[in-house]
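Notes for the one structure printed next.
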Amino acid sequence: MGKKSSTSSSLTFEESDQQDYLMEKIFDGISDIPDKEPPLEIPLSKASPKKKQVSSYNTVSRPDQELDLHGKTREEAIMMVQNFVMTCHANEFRTALIITGKGRNSGNQGPVLNKEVKHWLERNGKPYLHDYHDALPRFGGSGAIWLNFK
């Protein structure tokens, strides 16, 4: 209807009955939209009795903590992983994610950090971890390691 403007700003706001009508029309149709998508369920293999438990692999939306190792040397990464795992366990986190990257900038040697971190976890992670595995694609896939703490 009328224009409102501010002298200290170049913005102009207009009121319109038509805009109210359009907004009402939009909100009337919202009741047809579901509140949220159902969670993605990944069927568990019947071949392995260990997988009968519901794991965080398919039920957790985000890890409790993350560590990004991009750009770190092997030695820096291992020291950071050791501190990270022990700290997460001490803080009673259930899950964590270590982002190692896929090694695309590693040249001929391939993904160094992912192999080294998994090797460290295999040798030293038993007191802290139930298990670990490559992350789901939405969390980095083979460029990240998902940890499940005891």
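Rule-based calculations on the coordinates, nothing more; no lab input. In this text the structure is predicted, and so the values were computed from the model without any measurement. Cβ: placed from backbone, ideal geometry, glycine included. Neighbour counts: every protein chain shown.
Points worth noting:
- Cβ-Cβ distance of TRP120 and SER61, R₀ of 25 Å, FRET efficiency by 1/(1 + (r/R0)^6): the value works out to about 0.40.
- Amide H to amide H, with H built 1.01 Å from N, LEU129 comes under 5 Å of LYS150, counting only residues 5 or more places away or on other chains.
- Over region 63-149, relative contact order from alpha-carbon pairs under 8 Å, at least 6 apart, %: 34 percent
- Across region 63-149, the convex hull enclosing all Cα atoms gives 80 Å³ per residue.
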